[in-house]
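The values are calculated or read from the model by the stated rules, or taken from the named source; none is laboratory data. Values in this document were obtained by computation on a predicted structure and should not be read as measured data. Cβ: placed from backbone, ideal geometry, glycine included. Neighbour counts: every protein chain shown. Heavy atoms of the whole protein, side chains included, go into the accessibility calculation; ligands, DNA and RNA do not. Shrake-Rupley method; radii C 1.70, N 1.55, O 1.52, S 1.80 Å.
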Amino acid sequence: MVHLDYLDAGANIILTASYQVIVQEEAEHLLARSVEIALEAKKIYLENCTKDSLDFTENGRIVKGPILVAASIGSYGAYLADGSEYCGIYEDDITLDTLKDFHRRRVKVLAESAADLLAFETIPNKIEAMAFAELLEEENITIPSWFSFNSKDGVNVVSGDSIVDCASIADACKHVIAVGINCTPPRFVHGLMSAVRKVTSKPVLVYPNSGETYDSVGKELVPSTGVGDVDFVSYIGTWREAGASLLGGCCRTTPKTIRAISRVLSNESCSSPTL
Ligand SMILES: [Zn+2]
């Protein structure tokens with residue numbers, strides 16, 4: 001079970017496999033199932049972790065926070081599966097209402113599941129951030145959410161919209177408890193985090209990809225030529241210093257990445273949750 005591999009590697013937050021589930025009525029059970037599977041992994045992990053697990057110090061005291069299940073919600077572009085989640089350019093006539101209606105049922109089902117929080121991730125543009133914020137308000141969702149954006153230039157989100165504008169939308173939404181960057185090459189994260197922190201004092205989360213870039217024409221990830229992306233872990237200290245509260249990995253990272261992050265954090269006196 002993949003979730004278990006991540007928990008064994010030291011993860012505090014596991015994301016459900018609901019990112020790309022399309023919301024037709026017959027798919028609703030898949031959403032619920034994705035949460036159940038994550039909860040099963042948590043149970044198995046807690047029953048089986050030993051004093052050698054990363055959750056325990058040498059004297060057996062649990063030092064990590066609780067394990068949380070975050071229900072993953074991908075963008076509209078992720079369902080189109082045409083690469084538009086990585087460019088953020090939707091139809092010209094797309095409206096806030098269209099996006100809200102598109103996401104409404106899935107958000108409600110996941111919010112009513114046993115998940116601990118909703119993870120709106122790889123948000124590619126401002127309009128979708130607004131749609132999510134309004135939806136949380138309209139549906140009066142009671143579990144907390146995080147908003148996470150992706151970038152391919154280190155300055156703006158992938159659509160070209162300002163990261164500052166996007167983070168401001170997340171900051172203004174009372175349902176959002178953390179704002180951050182995911183699925184973005186590690187080398188871009190520090191600058192984006194600084195921009196995010198200018199407009200919010202909410203905790204910042206960072207879970208980059210391993211540094212490849214997405215070729216939306218060829219529909220594949222192309223290895224990065226950027227120096228330093230290979231050593232994802234070497235960035236952790238910088239991200240911590242810049243104020244990252246939650247750290248983890250997105251596409252092409254593995255339990256090995258999470259284990260390495262956990263090791264770095266466990267050497268700090270005040271550790272951050274890992275996802
Ligand atoms: Zn990703």
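Among the residues making up the stretch 221-275, those that are surrounded by fewer than 18 Cβ atoms within 10 Å (Cβ to Cβ), at pLDDT below 85 and within 16 Å of the ligand (Cβ to nearest atom) are 221, 222, 223, 224. The number of residues in the stretch 87-127 that are open to solvent by 40 Å² or more (accessible area, probe 1.4 Å) and not acidic (Asp, Glu) comes to 11. Residues that are within 16 Å of the ligand (Cβ to nearest atom) and either modelled with pLDDT under 95 or in a helix (DSSP H, G or I) (or both) within the stretch 185-206 comprise 185, 186, 187, 188, 189, 192, listed in sequence order. Number of residues in the stretch 141-183 that are within 16 Å of the ligand (Cβ to nearest atom) and either open to solvent by less than 10 Å² (accessible area, probe 1.4 Å) or touching a strand residue (DSSP E or B) at 6+ places or on another chain (Cβ under 7 Å) (or both) equals 12.
Checking each residue in the stretch 125-153 for being within 30 Å of residue 187 (Cα to Cα) and polar (S, T, N, Q) picks out 125, 145, 148, 150, 151. In the stretch 112-142, which residues are over 16 Å from the mean Cα position of the chain (by Cα) and over 21 Å from residue 183 (Cα atoms)? 112, 113, 114, 134, 135, 136, 137, 138, 139, 140, 141, 142 - these are the residues of the stretch 112-142 that are over 16 Å from the mean Cα position of the chain (by Cα) and over 21 Å from residue 183 (Cα atoms). Which residue out of 133, 115, 78 is of a type in the set (A, V, I, L, M, F, W, C), more than 16 Å from the ligand (Cβ to nearest atom), in contact with a helix residue (DSSP H, G or I) (Cβ under 6 Å, 6 or more places away or on another chain) and part of a helix (DSSP H, G or I)? None of the other options fit; the residue is 133.
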